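Written out below as structure tokens is the structure these notes cover.
The values are calculated or read from the model by the stated rules, or taken from the named source; none is laboratory data. This is a predicted model, so every value here is computed, not measured. Here the Cβ is made from the backbone with ideal geometry for all residues, glycine too, and neighbour counts use every protein chain on show. To get the accessible areas, we keep the full protein, side chains included, count just its heavy atoms, and leave off ligands, DNA and RNA. Shrake-Rupley method; radii C 1.70, N 1.55, O 1.52, S 1.80 Å.
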Amino acid sequence: MRILVIGSGGREHALLWKLSQSSEVDKLYCAPGNGGIGELAEVVDVGSEDVEALAEFAENQDIDLAVVGPEAALAKGIVDVFEKRGLRIFGPRKAAAKLESSKSFAKNLMKKYKIPTAQFAVFDDAQAARAYVRQLGVPIVIKADGLCAGKGTIVAHTLSEALGAVDLLMEDKIFKQAGERIIIEERLIGEEVSIIVGTDGVTALPLAASQDHKRLLDGDKGPNTGGMGAYAPAPVVDDVLSKQVMEEVILPTIHGMTNEGLALKGVLYAGLMLTSDGPKVLEYNVRFGDPEIQAILPLLKSDLVPLLDDAVEGRLSLTQCAWEKASCACVVLASGGYPGEFAIGKEIRGLERLKDKPDLWAFHAGTKKDRGRFLSWGGRVLNIVGRGATLEEAFKRAYEAIGEIGFDGMQYRKDIGHRALKRPVGAK
Ligand code: AMP
Ligand code: GLY
């Protein structure tokens, strides 16, 4: 098979690494890729949102399957464009991608299908939104309706913070159209987990449960980011909880979408808060999590191609995944200043020392290859992934490897996995 992966992050590097091991794969392409991806795939200089040019490329190169990484391409309708040309592509159509690209759509779907989530109200008018904030009081959560690269949610602890958030989104329009409509919801308390499944609109094939670390700094402090690290499997998700999430969240979501005439094909990712009242949905994504998938794929013993292919063909009920009895830890190395302004073009030292080490991977995100050297070329630069018999071992491997590499301004969290590592083995 000739497979085209669309995107340029650590998620896409990890997908290509896994695909490169499949006996079904003849040739891999990636558009637009990054510095590290060039070692696994032919890099194509077309942006991930240039959907017509990507479809043209796929048609000309006889691509058998395209796999979409980022949400923006899905929200733009890349799947519809490919399907119109008779090209096979893993991901939901534009109308179904609304589950991620419109939070009000997602919340109304949850309400209709009785899927547990925070109490909420939707506003198109700033004055009404402010009145509601005053009526409910704090803490309270304000969310932009549209895609904001993970920055559209404000958990407000004071009234002025909450009213300021309404103003920033609706009056100052810092996220343009994405914030013209907002969701105001109850603040939930608990531990967060990411449940990611493959789906063909009927069946859900679960991947290992994982946990992300959205805040920049140790102790879950500082601003929200795209994700500073992850691990899998998340020990907090035992068999009982897994079954509950499948029955109360995942399957009702998939069947609800199909019932609405919006069958979801590809990935369903539910970001959950494990509250004292049971798991509740914080958000949905319709693509693999980044950095979660970097910690999940090295645990997948079986081939990834059947999962992707069977989801596209609507026969996922026949697919099975085999998993390593191991754990994975992923630590993100970011540029100094991220998620705010940051400089790029810093030489990354020591990467060659990690090459071919067992149970260790350096998945590239924002990197560029320049005359044999790797340069930082984005906010999140590298994902260092360690695998071990236990989570402790996996983290030890990842953090030891980080000691071997560096670039000017490099920042990373030293406490990825703190929740799981505090949990005694076998604890519920
Ligand atoms: P979202 O943009 O909905 O994915 O939210 C981003 C982050 O904000 C989540 O990962 C949570 O940490 C936090 N968050 C979102 N909604 C709530 C909520 N209702 N209660 C508490 N925290 C929330
Ligand atoms: N790691 C969070 C996300 O992929 O949205």
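Of the residues Val68, Ile6, Ser104, the one whose Cα sits farthest toward the positive end of the charge dipole of the range 1-105, with +1 on the Cβ of Lys and Arg and -1 on the Cβ of Asp and Glu, is Ser104. What is the Cα centroid distance between the range 235-259 and the range 325-399, reported in whole angstrom? The range 235-259 and the range 325-399 have Cα centres spaced 32 Å from each other. Under the simplified labelling scheme, the Leu318-Asp45 pair shows an inter-label distance of 4.2 nm, with each label point 7 Å from Cα along Cα→Cβ.
So for each of 234-246, 6-18, 72-84 I average, over its residues, the number of other beta carbons within 10 Å; can you give me the resulting order with the highest mean first? Mind showing how you got there, number by number?
On the way: 234-246: 16.8, 6-18: 27.1, 72-84: 20.5.
Result, highest mean first: 6-18, 72-84, 234-246.
Starting from the Kirkwood Rh over alpha-carbon pairs, what translational D in µm² s⁻¹ does the range 1-151 have by Stokes-Einstein at 20 °C and 1.002 mPa s? Estimated diffusion coefficient is 122 µm²/s.
Computed over protein heavy atoms with a 1.4 Å probe, the carbon and sulfur contribution to the accessible area of the range 274-425 reaches 47%. The length gained on full extension between Ala389 and Asp26, counted as 0.36 nm times the residue separation minus their Cα-Cα distance, comes to 127.5 nm.
Each 5 Å bin from 0 upward holds the following percent of the Cα-Cα pairs of the range 77-160: 3, 12, 17, 19, 17, 12, 7, 6, 4, 2, 1. Going 7 Å from the Cα of Gln119 in the Cα-to-Cβ direction, what parts of the range 165-202 have a backbone nitrogen less than 13 Å from that spot? Backbone N within reach: 185-188. Accessible surface computed residue by residue for the chain, with neighbouring protein chains in place and a 1.4 Å probe, gives 42 Å² per residue. Candidate cross-link partners of Lys114 among the aspartates and glutamates, defined by an alpha-carbon separation under 13 Å and a same-chain spacing of 8 or more, comprise Glu247, Glu248.
Using 0.36 nm per residue of separation minus the Cα-Cα distance, give me the extension gain between Asp220 and Arg187 in nm, one decimal. List each step's numbers first, then the result.
Numbers: separation 33, 0.36 × 33 = 11.88 nm, distance 1.66 nm.
Extending this stretch completely gives an extra 10.2 nm.
A Stokes-Einstein calculation at 20 °C with viscosity 1.002 mPa s, built on the Kirkwood radius of the range 329-394 over Cα pairs, returns a diffusion coefficient of 169 µm²/s.
For a modelled paramagnetic label at Arg134, 7 Å from Cα along Cα-to-Cβ, the residues of the range 168-198 in reach, with backbone nitrogen under 20 Å, are 168-172, 182-186. Please say if the range 20-103 is rounded, prolate or oblate, where rounded means a/c under 1.5 for a ≥ b ≥ c the square roots of the C-alpha gyration tensor eigenvalues, and otherwise the choice is prolate for a/b larger than b/c and oblate otherwise? Since a/c reaches 1.5 and a/b is larger than b/c, the shape of the range 20-103 is classed as prolate. Could you check how much of the accessible area of the range 100-231 is carbon and sulfur, as a whole percent, using a 1.4 Å probe? Looking at the range 100-231 in its full context, I get 53 percent from C and S.
Global size of the chain: 20.7, 60 Å for Rg and Dmax (C-alpha atoms, Rg to one decimal, Dmax whole).
With the cut-off at 29 Å, tell me which of the pairs Lys107/Lys173; Lys98/Lys151; Lys173/Lys414; Lys112/Lys243; Lys27/Lys151 have Cα atoms farther apart than that. Walk me through the numbers on the way to the answer.
Details: Lys107/Lys173 22 Å; Lys98/Lys151 18 Å; Lys173/Lys414 35 Å; Lys112/Lys243 22 Å; Lys27/Lys151 36 Å.
In this structure, Lys173/Lys414; Lys27/Lys151 exceed 29 Å between Cα atoms.
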